[in-house]
1. Contour minus end-to-end for T89 and K51, with contour as 0.36 nm per residue of separation and end-to-end as the Cα-Cα distance?
2. How large is the charge dipole for the stretch 129-177, taken about the Cα centre, if only the Cβ atoms of Lys, Arg (+1) and Asp, Glu (-1) carry charge, to the nearest 20 debye?
3. Need the full-extension length gain, D97 to E190, defined as separation in residues times 0.36 nm minus the C-alpha distance. One decimal, nm.
Amino acid sequence: MDITRMTVGDLLARHAVDPARLDPAPTDPSRAQTRARYAQHLERPCTACGKEGDCRTSRSVVFPGAGPRWVDLCRDHSLAAMPRWSGPTTIEGLLADLRAAAEVSPERGVAVRLWTDEDGWHDGFMDDPGRYHLLLTSDGQPVQHGWWASEETARDKFRRWVGEYGSLPDPRITLTDGESGERLTSWPEES
């Protein structure tokens, strides 16, 4: 599927979906309401394409003349309607933001924990993300990244990401050795 980024309203207009026919939603649903809606996602078709049982997101959208309505989207349409990432683009930037958030409200006891496929949950792992860095971009913008201590695990993730995210607009996946700075592989391969 060719994914072009657009607003939810533009996406539904492109697929000739009448918002008035969608399920009414609260204007500003609580997390519990959104989770309850999403918990039933396998029973719902994608609001845009109608694909059965493949909805990955649910959100409340306010439409002029129709009011707030639930919009349930499959993976491809959810990505198409997702705003571009405007946050940090490096692991160092992400960690700096997390540290700053923890410093703002230490009385809340904000704990940052990291999950790795190799070892599970880690506390205090923020200063050593791992040697091998995997970065996914779409249309030149970072979408997802991860760090792994094992090159074998990082290469396995690389192969999985090509299969899972290769249909994004202008995708690029790179695997880099964080110690040497060497690019180990990339997809699509550079010519």
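Any read-out appearing in this document is the output of simple, stated calculations on the displayed coordinates, not a laboratory observation. Remember, it's a predicted structure, so these values are computed and weren't measured experimentally. Note that we place each Cβ from the backbone using ideal geometry, even for glycine, and neighbour counts take in every protein chain shown.
1. On the way: separation 38, 0.36 × 38 = 13.68 nm, distance 3.29 nm.
The span from T89 to K51 would gain 10.4 nm if fully extended.
2. Values: 6 positive and 7 negative charges, 15 e Å.
Dipole about the Cα centre, nearest 20: 80 debye.
3. Working: separation 93, 0.36 × 93 = 33.48 nm, distance 3.26 nm.
Net length gain for the segment: 30.2 nm.
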